[in-house]
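Every read-out reported here was derived from the displayed coordinates using simple, explicitly stated rules and does not represent laboratory data. Quantities reported herein were computed from a predicted structural model and do not represent experimental measurements. Note: ideal-geometry Cβ built from the backbone for every residue, glycine included; neighbour counts use all protein chains shown.
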Amino acid sequence: MNAPGSALGLSADQVKLQAHARALAAGPVAARAAEVDRTEQYPWDNVDLLKEAGLIGMTIPTQYGGQGKGWLDAVLAIEALSAACAVTGRIAVETNMGAISAVMAYGSEEQKKMAADMVLGGDKPAICITEPDAGSDAGGMTTRADKKGNRYVLNGRKHWITGGGVSRLHLIFAKVYDEQGAFEGIGGFLAIRDETKGLKITKREPTMGLRGIPEAVIDFEDMDVPPSSLVIPPRGLKKGFADLMTAYNSQRVGAATVALGIAQGAYQLALDWSETREQFGRPINEFQGLQWKLADMSIKLSAAQALVYNAARSGEGGFPDMLLAAQAKVFTSENAIQVVNEALQFFGARGYSRELPLERMARDVRMFTIGGGTAEVLRNVVAGALLKKKLPQTREGWAKD
Ligand SMILES: Cc1cc2nc3c(=O)[nH]c(=O)nc-3n(C[C@H](O)[C@H](O)[C@H](O)COP(=O)(O)OP(=O)(O)OC[C@H]3O[C@@H](n4cnc5c(N)ncnc54)[C@H](O)[C@@H]3O)c2cc1C
């Protein structure tokens, strides 16, 4: 959106950062977005651009080589980039939030140094939670890590893992069992693709949108790792998983931001087109039917932006608040789909053409009510936080019955 930074409570540095990211987005990133979608190739050259522009690893503390910036700083960059290319926006999410932020919060010195170096060098870490039989019910995962002497041996299958095949660093969640076979809880392990035997990328999912980043099936076949790779220890039955979910709130804010950015990009195209396209002898923006659509789109975008910024700000010194992050992701993802769909409508037949970016944006934006917690499951998170109880439609609430 073009709202002035001051109205959004941005600092002078943040307004500068936003302008910097917008310039990069409008220039080289926008120029390649259609090609990235068409070729389905991971945009390594955009990774280099982000690196040069200081837009990856921004949230990594300075002692590990990052910039020690806050979530809102990352959000401003992701929002700007996503308006031009959602794939590049997602790369900015996953090099500033998600797995890297979990390692930075819970890892050992050695793990933090390794992960920071990899991300600052351009690696987008993969976070491996979802399995064919455990999606929304992530706690039902069956990938297991068995302690055998001084090693852990992992077996299982994950699917829809973003970056599978391009990411090197993997944060893998598994049920941990001690040497006697007793269940200890869910833990998170770090492994590097190509350096860890037994970590196999077995399929690339043919996705509807966001085609420049692979979504992969990953099999773990007797993947053998030392205990030093355990970044989130199980610590009792729930603690490891709770740590994961806490860190994941940053990723949710990031995902909401990509949806917001795509919708802002589509809205701007529709706004501009409505001025130049003429029918019945006048610009189409002189028709009240379209004026009200523009008004509704801008209201949705402003509300979404406020929710996203607020959720990002809530994470200062830690991770974003779970309730605010869930509210932001549900509202933004659902409204972004509507805004992009309306923007496409402004172009009539042209909107349906692959020569314009609207159809790509419509495919890309559709993901965000699904990945990283569906809109339904996040409504459960919101309701659970409001009612302060475990709901029967959640694993913990269900287990009580
Ligand atoms: C593009 C993309 C990228 C992804 N990237 C990753 C990644 O990097 N790492 C990773 O681990 N996973 C990733 N995922 C997986 C994603 O997190 C899961 O798809 C998501 O959690 C939903 O799981 P599912 O697909 O198995 O759906 P299911 O859990 O089978 O859900 C099916 C339907 O039932 C609804 N539902 C389920 N339970 C409830 C309930 N209790 N109350 C109400 N409704 C319910 C859901 O909302 C949904 O509509 C990605 C997915 C996509 C599409």
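For this structure, a couple of remarks:
- Under 23 Å from Lys300, Cα to Cα: lysines that are on another chain or at least 8 residues apart: Lys329
- Spatial separation of Cα centroids for the stretch 327-401 and the stretch 271-325, in angstrom: 16
- Across the stretch 261-272, rounded Karplus estimates of 3J(HN,Hα) from the backbone phi angles (6.51 cos²θ - 1.76 cosθ + 1.60, θ = phi - 60°) give x, 4, 5, 5, x, 5, 4, 4, 4, 5, 4, 5 Hz, Gly and Pro being marked x.
- Amide hydrogen neighbours beyond the local backbone of Lys124, cut-off 5 Å, H modeled: Arg168
- In this rough spin-label picture, where each label sits 7 Å from Cα along the Cβ direction, the Trp44-Lys203 distance is 2.7 nm.
- Leu323/Arg151 FRET efficiency (R0 25 Å; Cβ-Cβ; nearest 0.05): 0.05
- Net lengthening on full extension, Thr142/Glu278 (0.36 nm per residue, minus Cα-Cα): 43.1 nm
- Those residues of the stretch 80-104 whose amide nitrogen sits under 20 Å from the label point placed on Lys16, 7 Å along Cα→Cβ: 80-81
- On the beta carbon distance between Ala26 and Glu376, with R0 = 41 Å, the FRET formula returns roughly 0.70.
- 17 Å Cα-Cα reach of Lys200 towards lysines, excluding residues that sit fewer than 8 places from it in its own chain: Lys158
- Most positive-pole-ward Cα, Gly185, Ile218, Val166, against dipole of the stretch 156-232 from beta carbon charges: Val166
- Relative contact order (%) - criterion: Cα under 8 Å, at least six apart; region: the chain: 15
- Listed residue (Leu81, Ala270, Phe319) projecting farthest to the positive dipole end of the chain, Cβ model: Phe319
- Computed extension gain for Ala383 through Asp194, at 0.36 nm per residue and net of the alpha carbon distance, reaches 63.8 nm.
- For the stretch 46-155, the tally of Lys pairs with Cα-Cα distances below 26 Å comes to 12, considering only residues 8 or more apart or on different chains.
- Once the Cβ-Cβ distance of Gln63 and Glu334 is raised to the sixth power relative to R0 = 56 Å, the FRET efficiency obtained is 0.90.
- The phi torsions of the stretch 385-390, fed into the Karplus equation with coefficients 6.51, -1.76 and 1.60 and a -60° offset, translate into couplings of 5, 5, 8, 6, 8, 6 Hz, rounded to whole numbers, with Gly and Pro shown as x.
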